[in-house]
Amino acid sequence: LLGAGGIFLDKNGHRFVDELQKRDFVTGAMWAHNTGPYRLVLNGKSSKSIEWHCLHYEGRGLMKKYEGAESLAQEMGVSIDTIRQTFNEFNEAAEKGNDKYGRKFFVNLPLVTDDTFYVGIVTPVIHYTLGGLKVNADAEVLKEDGSVLPGVFAGGEVAGGVHGKNRLGGSSLLDCVVYGRVSGASASTHLTKKLTKGGGASAGGAGKPVNLIVDPNTKSVTVS
């Protein structure tokens with residue numbers, strides 16, 4: 001939404017941050033500015049370029065359509081002149097390539113009050129955790145000394161260190177799927193090795209041979 005040209009407005013109708021900064025930066029700016037509620041505003045060109053998303057969010061009650069900035073200003077309880085000034089400052093920053101908040105990318109301009117807008121209230125939320133158990137490339141959990149903790153595997157948000165200090169948008173699902181499959185394969189390999197080496201045999205006796213029967217039709221594995 002922001003990449004399509006959206007801007008953030010605080011409760012007084014002013015911008016306060018480079019909207020295209022990383023999410024942790026923008027969240028920090030929201031906490032520091034402390035002038036919510038914050039609104040994400042898309043003009044007619046921006047909303048048209050991502051129309052499906054706007055209609056989807058409107059249908060779910062997450063965005064509201066305004067015909068003209070006057071109605072938006074009334075709902076916010078601010079002067080339309082304040083909104084107009086904010087828009088003019090943003091347009092000027094785009095023309096000169098010198099935004100006081102450091103924004104470098106501008107599309108679907110100009111912002112004018114006589115336009116159609118899609119607006120949604122935004123707020124910081126916790127939706128992903130970066131910390132977790134340290135794992136290797138095989139999703140094996142590691143001890144503090146870096147050695148493998150046998151038989152323990154982790155993937156997704158329970159594992160840490162995969163993304164560093166921040167992550168790319170959309171990569172959390174990739175993380176879950178990839179390391180979910182890796183941890184499953186590693187766990188299967190670990191169990192198979194344990195069974196075939198007689199890990200489950202009684203003390204003093206050799207392990208019995210193990211047969212694995214894989215049925216691709218039923219996607220089942222039988223151990224005998």
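The values are calculated or read from the model by the stated rules, or taken from the named source; none is laboratory data. What you see is a predicted model; the values in this text were computed from it and never measured. Cβ atoms come from the backbone with ideal geometry, glycine included; neighbour counts cover every protein chain shown. Accessible surface is based on the protein model in full, side chains and every heavy atom, while ligands, DNA and RNA are left aside. Shrake-Rupley method; radii C 1.70, N 1.55, O 1.52, S 1.80 Å.
Of all residues in segment 102-119, how many are basic (Lys, Arg) and either part of a strand (DSSP E or B) or within 17 Å of Val41 (Cα to Cα) (or both)?
To start, the set of residues in segment 102-119 that are basic (Lys, Arg) comprises 103-104.
With either part of a strand (DSSP E or B) or within 17 Å of Val41 (Cα to Cα) (or both) added as a condition, the list becomes 103.
So the answer is 1.
Given the options Gly13, Gly97, Gly44, name the one that is in contact (Cβ under 8 Å) with a residue 40 or more places away in the chain and over 18 Å from Val122 (Cβ atoms). Before you say what the answer is, go through the steps one by one.
Working: Gly13 fails: over 18 Å from Val122 (Cβ atoms); Gly97 fails: in contact (Cβ under 8 Å) with a residue 40 or more places away in the chain.
Of Gly13, Gly97, Gly44, the one residue that is in contact (Cβ under 8 Å) with a residue 40 or more places away in the chain and over 18 Å from Val122 (Cβ atoms) is Gly44.
I'd like to know if segment 26-36 contains one or more residues that are buried (at least 19 other Cβ atoms within 10 Å of the Cβ) and touching a Leu at 6+ places or on another chain (Cβ under 6 Å).
No, there is no match, as no residue in segment 26-36 is buried (at least 19 other Cβ atoms within 10 Å of the Cβ) and touching a Leu at 6+ places or on another chain (Cβ under 6 Å).
Quick one: in segment 120-138, of everything that is open to solvent by less than 50 Å² (accessible area, probe 1.4 Å) and not in a loop (DSSP other than H, G, I, E, B), which residue is nearest to Ser186 (Cα to Cα)?
Result: Val135.
Considering (1) open to solvent by 90 Å² or more (accessible area, probe 1.4 Å); (2) in contact (Cβ under 8 Å) with a residue 60 or more places away in the chain; (3) not in a loop (DSSP other than H, G, I, E, B), say which one Trp52 fails and leave the rest.
(2)
Being part of a loop (DSSP other than H, G, I, E, B), out of contact with any strand residue (DSSP E or B) (no Cβ under 9 Å at 6 or more places or on another chain), open to solvent by less than 50 Å² (accessible area, probe 1.4 Å) and of a type in the set (D, E, K, R): is that true of Asp99 here? First the steps, then the outcome.
On the way: part of a loop (DSSP other than H, G, I, E, B): yes; out of contact with any strand residue (DSSP E or B) (no Cβ under 9 Å at 6 or more places or on another chain): yes; open to solvent by less than 50 Å² (accessible area, probe 1.4 Å): yes; of a type in the set (D, E, K, R): yes.
So Asp99 fits the description; yes.
Taking the condition open to solvent by less than 70 Å² (accessible area, probe 1.4 Å) and of a type in the set (S, T, N, Q), does Asn91 pass? It would help to see each step written out before you state the result.
On the way: open to solvent by less than 70 Å² (accessible area, probe 1.4 Å): yes; of a type in the set (S, T, N, Q): yes.
Answer is yes for this residue.
Would you check if Tyr66 is open to solvent by less than 40 Å² (accessible area, probe 1.4 Å) and either in contact (Cβ under 8 Å) with a residue 24 or more places away in the chain or not in a loop (DSSP other than H, G, I, E, B) (or both)? Talk me through it step by step, then tell me what you get.
On the way: open to solvent by less than 40 Å² (accessible area, probe 1.4 Å): yes; either in contact (Cβ under 8 Å) with a residue 24 or more places away in the chain or not in a loop (DSSP other than H, G, I, E, B) (or both): yes.
So Tyr66 passes the test.
Quick one: Glu75 ticks every box in (1) in contact (Cβ under 8 Å) with a residue 40 or more places away in the chain; (2) exposed (fewer than 15 other Cβ atoms within 10 Å of the Cβ); (3) acidic (Asp, Glu) bar one, so which box is it?
Going through the list (1) in contact (Cβ under 8 Å) with a residue 40 or more places away in the chain; (2) exposed (fewer than 15 other Cβ atoms within 10 Å of the Cβ); (3) acidic (Asp, Glu), Glu75 breaks only (1).
Working carefully through the options Gly198, Gly204, Gly169, Gly164, find the one that is closer than 30 Å to Arg39 by Cβ and at pLDDT below 80. Give the steps one after another, and end with the answer.
Numbers: Gly198 fails: closer than 30 Å to Arg39 by Cβ; Gly204 fails: closer than 30 Å to Arg39 by Cβ; Gly164 fails: closer than 30 Å to Arg39 by Cβ.
It is Gly169.
Name every residue in segment 140-157 that is in contact (Cβ under 8 Å) with a residue 24 or more places away in the chain, over 14 Å from Leu174 (Cα atoms) and either in contact with a Pro (Cβ under 7 Å, 6 or more places away or on another chain) or not in a strand (DSSP E or B) (or both), in order of residue number.
Step one: filter segment 140-157 for residues in contact (Cβ under 8 Å) with a residue 24 or more places away in the chain, giving 140, 150-151, 153-157.
Then drop every residue that is not over 14 Å from Leu174 (Cα atoms), which leaves 140, 150-151, 153-154.
Across segment 140-157, the qualifying residue is only Ala154.
Is it fair to say Ala4 is part of a helix (DSSP H, G or I), out of contact with any Lys or Arg (no Cβ under 6 Å at 6 or more places or on another chain) and modelled with pLDDT of 95 or more?
Details: part of a helix (DSSP H, G or I): no; out of contact with any Lys or Arg (no Cβ under 6 Å at 6 or more places or on another chain): yes; modelled with pLDDT of 95 or more: yes.
Spelling it out, it is not the case that Ala4 is part of a helix (DSSP H, G or I), out of contact with any Lys or Arg (no Cβ under 6 Å at 6 or more places or on another chain) and modelled with pLDDT of 95 or more.
For segment 1-45, enumerate the residues that are among the hydroxyl-bearing types (Ser, Thr, Tyr) and closer than 22 Å to Arg84 by Cβ. Break it down into steps so the answer makes sense when it comes.
Within segment 1-45, the first condition is being among the hydroxyl-bearing types (Ser, Thr, Tyr), and the residues that meet it are 27, 35, 38.
Thr35, Tyr38, listed by residue number.
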